[in-house]
Each structure stands twice: as structure tokens, then as C-alpha cells.
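The values are calculated or read from the model by the stated rules, or taken from the named source; none is laboratory data. For clarity, every value in this text was computed on a predicted model and none was experimentally measured. Neighbour counts are summed over all protein chains in view; Cβ atoms, including those assigned to glycine, are modelled from backbone coordinates with ideal geometry. Please note that ligands, DNA and RNA were not included when accessible areas were found on the heavy atoms of the full protein model with its side chains. Shrake-Rupley method; radii C 1.70, N 1.55, O 1.52, S 1.80 Å.
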Number of protein chains: 2
Amino acid sequence: MEKNYFDIEEYIHRVHSFHGHVAPGVVIGGFMVHLAQARMPEGVLFDAISETPACLPDAIQLLTPCTVGNGWLKIMNFGRFALSLYDKYHGNGVRVFLDPVKLEKWPEINAWFFKLKSRKEQNHTDILSQIKQAGVEICGIRPVQIKPEFLKKRDKGKIAICPSCAEAYPLKDGSICLACQGNSPYVIPDAP
Amino acid sequence: MEKNYFDIEEYIHRVHSFHGHVAPGVVIGGFMVHLAQARMPEGVLFDAISETPACLPDAIQLLTPCTVGNGWLKIMNFGRFALSLYDKYHGNGVRVFLDPVKLEKWPEINAWFFKLKSRKEQNHTDILSQIKQAGVEICGIRPVQIKPEFLKKRDKGKIAICPSCAEAYPLKDGSICLACQGNSPYVIPDAP
């Protein structure tokens with residue numbers, strides 16, 4: 001595919017199928033990923049960071065080889081609508097963000113993004129239409145360099161059996177697994 | 001599709017395309033998700049938890065409507081190879097895990113999972129062949145109930161502009177955004 005061409009309609013089709021609905025954030029994310037990818041040199045193996053768990057991870061997973069499960073996409077929850085692609089070995093890359101100043105020209109996107117209208121007042125068609133018109137115009141892009149400590153591949157180390165739940169876990173987490181240490185989201189079924 | 005039928009070859013094809021390679025963990029994850037899904041009552045809207053960021057999130061994203069970006073899949077890094085699907089409103093569901101005792105019958109899977117062989121010594125074809133043979137036999141399944149505090153939808157609250165980076169962030173995070181509070185993975189380009 002031509003590097004500078006982004007087929008938004010084909011992408012929206014895939015968003016619907018993967019994300020379940022055509023969320024404004026995933027559509028904007030598509031333009032953002034496209035912009036970032038176009039700036040990466042050909043043939044560079046890159047990793048990705050999403051600075052929010054909302055929407056952007058799906059745009060990255062749909063448009064790049066980076067997924068959560070293969071470890072090439074990391075989510076750092078800063079609550080910022082921004083993503084980075086960077087050389088997985090050297091850490092140099094680009095960061096693309098939604099620029100609040102540029103949003104002022106697009107009232108529907110602006111109202112959606114800053115939650116100035118209730119869900120009921122928002123018109124999904126109008127928001128999407130402005131997003132498609134705006135494209136990468138509402139984004140900012142900057143070169144970034146990832147700190148070396150974030151480039152290291154995490155090694156789980158030795159695997160042991162947790163004496164509490166009898167399941168495998170990374171021994172470096174302690175003498176019992178992190179879930180048994182009190183972080184479990186489950187009500188224990190036979191607890192009183 | 002017939003609820004109790006799992007087309008492993010078709011799934012492996014999709015794993016290759018999405019995850020980038022046919023990782024043993026994603027293939028096992030396919031059987032695990034299939035097992036969990038078959039136990040969920042028809043028509044129930046469910047959310048998912050992956051207890052590891054490795055591999056399982058991709059199996060969940062490929063086989064269920066739950067993705068990281070739509071918020072229906074949450075990753076809790078306990079380092080356990082386990083996942084849960086649960087009624088998004090009531091929290092009742094099932095948890096599927098890899099059972100170390102059942103793995104003893106499958107030496108190639110066991111050696112891969114417990115890292116008993118180096119990468120070089122592992123034979124990917126043999127591991128995959130045992131995984132396909134074993135199917136759901138190496139899994140355990142238990143009913144679970146999610147604690148009510150994990151069922152709440154997180155609200156970002158009011159959006160503000162960070163006076164440090166000039167980007168939008170959730171005001172509840174503080175007077176500047178979490179990245180500017182010192183958690184950023186980026187080397188600031190114009191720092192000395």
C-alpha cells in the first residue's frame with residue numbers, strides 16, 4: 001500500500017468489526033497512527049506506546065504489527081490522547097498527540113473531546129464527519145527518544161507454582177503470586 | 001457458528017495475521033477463550049480480564065467482542081496464565097486457567113511453559129502439535145464472581161489542559177498530568 005495513502009472508509013469498516021462500534025476516538029486514532037507511521041523510516045522494527053487505554057490501543061492494533069499480547073504495544077495510562085512509535089532497539093521515534101489549540105476550529109470534535117455536551121446532545125454523524133474532514137490537521141507530531149530503561153525487554157524470570165492457588169507465576173513476584181497477595185478481583189467462592 | 005465448535009486452523013491463521021507469529025500462548029489462549037465462552041449463557045454481555053499481558057489479550061481480542069481499546073478487556077498483571085469472562089453488570093462468570101498438574105502429560109507444552117528448555121532447544125512444531133492435541137484438556141475452569149468495585153465503569157471526570165505540556169488530561173490526576181508528574185518514558189529533547 002502507498003505509504004501516504006490512508007483509506008479511511010476501509011479503516012472505519014475494520015473499526016466497526018474489531019472495536020464493536022465506530023467510536024470517534026478510534027477513528028481519530030487511525031489518522032494519528034497513519035501520521036506516525038508515515039514518519040517512520042522504511043524497514044525499522046518499531047514498538048508503540050499508547051498514553052491512554054481508551055480507543056488508541058485499538059487503532060494501533062488495527063494498523064500496525066504492535067498488539068498488547070505480542071508486547072510491542074505498551075499502554076501507559078497518562079490520560080493523554082497520544083501515541084508514540086519508536087525504533088524498538090534505539091528508542092528514537094515520533095509522538096503524535098491531539099492538539100487542543102487545533103481542535104478549536106472543529107466545534108463538534110472539540111465538544112466531544114472535552115465532554116462539553118452530554119452523550120444525548122452529541123450527534124455522532126456530525127462528529128465523524130468533522131473527524132474525516134479534519135484528518136491529521138488536529139494532530140501535533142514531535143520527535144521523541146525513549147529512555148533506555150523502557151527499551152529493555154522484561155524477562156519473567158523463573159516460573160514457580162504458587163503455594164496458595166497452585167498456579168504458575170513468576171517467582172520474582174514473591175513467595176506467593178500477586179493475585180494471592182491480595183490484588184485479586186474475584187470474590188473467593190467459598191469465603192463466608 | 002456452532003457454539004461448541006472451534007476451528008483451530010482458521011484461528012491459527014488469524015493469530016498469524018494479528019499477533020505476527022503463531023505463538024504457543026496465543027494458540028492455547030484460543031482454546032481457553034473458547035472454553036470460557038461456551039460456558040457463558042447466550043445473550044449475556046460480558047467483559048474480560050486477562051491475568052497476564054502476554055499472549056492471552058490477543059486471544060481474547062480475536063475471539064470475543066472485548067478489546068483493550070473498548071474497555072471490555074482489562075489486563076491485570078498477576079503473571080498467571082488465566083482469563084475470565086463475566087457478566088458486565090452482575091460480575092458472575094467463569095475463569096479459565098492453565099493447570100500445571102494437567103500439563104505433566106504434555107512434555108513439550110510443559111517445557112515451553114515452565115521454560116525448562118532454551119529457545120534453541122524448543123521445537124515449535126512439536127509444541128504446537130501437542131497444543132492442538134491437548135486442546136482444552138490442559139485447562140481448568142471455575143465459576144467466579146467479580147468484586148463490585150471492579151464492575152464500576154471508570155469515569156475520567158472533567159478534562160483540563162495540563163499547564164506543563166499543554167495537552168488535555170483528566171483533572172482528577174492533579175494540577176499537572178501524570179506524564180508531567182515524572183512518569184514520562186521520553187527523554188525531553190531540549191533537556192541538557
Any chance you could give the angle, 0 to 90 degrees and rounded to 10, that helix B:24-39 forms with the longest Cα principal axis of chain B?
90
Surface per residue (accessible, 1.4 Å probe) for region A:1-91, Å²:
39
By its C-alpha gyration tensor, with a ≥ b ≥ c as the square roots of the eigenvalues, how is region A:81-168 shaped: rounded for a/c under 1.5, else prolate for a/b larger than b/c, else oblate?
oblate
Can you give the charge dipole size of region A:121-192 about its Cα centre, rounded to the nearest 20 debye, using +1 on the beta carbon of Lys and Arg and -1 on the beta carbon of Asp and Glu?
580
For chain B, longest principal axis from Cα atoms; helix B:8-19 axis from its Cα atoms; angle between them, nearest 10 degrees, is 30
Just how far, in whole angstrom, is region A:124-138 from region A:46-91 if you go by their alpha carbon centroids?
22
What FRET efficiency comes out for B:VAL101 versus A:ASN183 if R0 is 22 angstrom and r is the Cβ-Cβ distance? Round to the nearest 0.05.
0.35
Could you give the alpha-carbon Rg of region B:19-61 over 2.2 N^0.38 Å, rounded to two decimals?
1.20
Of all accessible surface on chain A at a 1.4 Å probe, what whole percent is carbon and sulfur?
55
Other copies of B:LYS147: label-to-label distances in nm, shortest first, labels 7 Å along the beta-carbon direction:
2.9
Could you give the length gained by full extension between A:SER17 and A:LEU116, i.e. 0.36 nm per residue of separation minus their alpha carbon distance, to one decimal place?
32.8 nm
Largest first and to the nearest Å, give the Cα extent of region B:23-97 along each principal axis.
31, 21, 19
All-pairs Cα distance distribution in chain A, expressed in whole percent, bin size 5 Å
1, 7, 14, 16, 16, 12, 10, 9, 7, 5, 3, 0, 0
Roughly what would the spin-label model give for B:ALA160 and B:TYR5, points 7 Å off Cα along C-beta, in nm?
5.7
What 222 nm value per residue comes from the helices of chain A, counting each DSSP H run with n ≥ 4 as -39,500 (n - 2.57) and dividing by all residues, nearest 500 deg cm²/dmol?
-9000 deg cm²/dmol
Dividing the Cα convex hull volume of region B:41-135 by residue count, how many Å³ per residue is that?
125
How crowded by other chains is B:154-166, given as the mean number of beta carbons from other chains within 10 Å of each beta carbon?
3
Past 26 Å, Cα to Cα: identify those pairs from A:LYS132/B:LYS152; A:LYS88/B:LYS115; A:LYS156/B:LYS88, in the order given.
A:LYS132/B:LYS152; A:LYS156/B:LYS88
Can you compute the charge dipole magnitude of region A:41-90 about its Cα centre, using +1 on each Lys and Arg Cβ and -1 on each Asp and Glu Cβ, nothing else charged? Give it in debye, rounded to the nearest 20.
140
So what is the relative contact order of chain A, in percent, for Cα pairs below 8 Å that sit 6 or more residues apart?
17
Size of the protein assembly as shown along its principal axes in angstrom, Cα-based, largest extent first?
63, 45, 40
Among bridges DSSP assigns within the protein assembly as shown, what percent are antiparallel (round to 5)?
90
Select the chain B residue whose beta carbon lies nearest to the rotation axis carrying chain B onto chain A, and write the distance in whole Å.
B:VAL68, 3
Students sometimes get this wrong: rank B:HIS19, B:HIS13, A:HIS21, A:HIS34 by accessible area, probe 1.4 Å, all chains present, largest first.
B:HIS13, A:HIS21, A:HIS34, B:HIS19
